[in-house]
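Trainee: Here it is: the structure, laid out below.
The values are calculated or read from the model by the stated rules, or taken from the named source; none is laboratory data. No experiment lies behind these values; they were computed from the predicted model shown. Heads up, the Cβs are rebuilt from the backbone with ideal geometry, glycines too, and the neighbour counts pull from every protein chain shown. Each accessible area value is taken on the protein alone, full model and side chains, heavy atoms only, with ligands, DNA and RNA left out. Shrake-Rupley method; radii C 1.70, N 1.55, O 1.52, S 1.80 Å.
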Amino acid sequence: MTNNSKQTIQGALQKLLTEESAGTQDEVCHALEAQGYEVNQTKVSRLLRKLGAVKVKDERGKIVYWLPKEPPPPEMSSPVSSLIIDITSNESLIIVHTSPGSASLVARLLDYQHRETEILATIAGDDTIFVAPKSTQQINKALDEIRRLLME
């Protein structure tokens, strides 16, 4: 008997990634097939992306799929740039001014990118975000990255 409900497969994949480890999509396929699911690499790839799974090094140094404690921010149907009023900086801090009530959402989008960017952290109010760069010597790079993330 096979289990093919999308939610059932997704739940099984979540359980697999939180209780066991899998380093490749092929390993994920085999583990799900062993549980009776009909899956292929394409389906597994879509599910991993949908769940926000990322590849990280485990405690033994092996690269494995991992589910962040916090899911990625939702995809937005309208561009984030419509929420941005201004982006400025000085020698140590970047300030993003947003439409009222939008700062937390925009800060969350920036925080989610911190591993791939020069962003150390953000603090959001109602319509203003303070962005701390990882290095003040790289503030211009961080500023360019923020503009690219939010204005394109």
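Trainee: Give me the pairs, please: first residue somewhere in the range 94-112 and aromatic (Phe, Trp, Tyr), second residue anywhere and in a loop (DSSP other than H, G, I, E, B), beta-carbon distance under 6 Å, and either six or more positions apart or on two chains.
Mentor: These pairs meet every condition: 112/72; 112/73.
Trainee: Still on this structure, please answer the following. Out of (1) open to solvent by 30 Å² or more (accessible area, probe 1.4 Å); (2) touching a residue at least 60 places away in the same chain (Cβ under 8 Å), what's the single condition that is false for residue 59?
Mentor: (2)
Trainee: Now, a different point. Hey, among the residues in the range 109-126 that are open to solvent by less than 60 Å² (accessible area, probe 1.4 Å) and not small (Gly, Ala, Ser), which one's nearest to the chain's Cα centre (by Cα)? Steps first, please.
Mentor: Restricting attention to the range 109-126, the residues satisfying the condition of being open to solvent by less than 60 Å² (accessible area, probe 1.4 Å) are 109-111, 113, 117-119, 121-122, 124-125.
Retained after the next criterion (residues that are not small (Gly, Ala, Ser)): 109-111, 113, 117-119, 122.
Numbers: 109: 8, 110: 10, 111: 9, 113: 6, 117: 12, 118: 15, 119: 14, 122: 15 Å.
Only one residue tops the list, namely 113.
Trainee: Would the range 63-78 turn up any residue that is modelled with pLDDT under 90, open to solvent by less than 50 Å² (accessible area, probe 1.4 Å) and over 19 Å from residue 14 (Cβ atoms)?
Mentor: Step one: list which residues in the range 63-78 are modelled with pLDDT under 90, which gives 63-78.
Now restrict to residues that are open to solvent by less than 50 Å² (accessible area, probe 1.4 Å): 64-65, 67-68, 72-73.
Still in the running and over 19 Å from residue 14 (Cβ atoms): none.
No, because not a single residue in the range 63-78 is modelled with pLDDT under 90, open to solvent by less than 50 Å² (accessible area, probe 1.4 Å) and over 19 Å from residue 14 (Cβ atoms).
Trainee: Next question, about the same structure. What is the one condition in (1) over 25 Å from residue 150 (Cα atoms); (2) surrounded by fewer than 13 Cβ atoms within 10 Å (Cβ to Cβ); (3) among the β-branched types (Val, Ile, Thr) that residue 85 does not satisfy?
Mentor: Every listed condition holds for residue 85 apart from (1).
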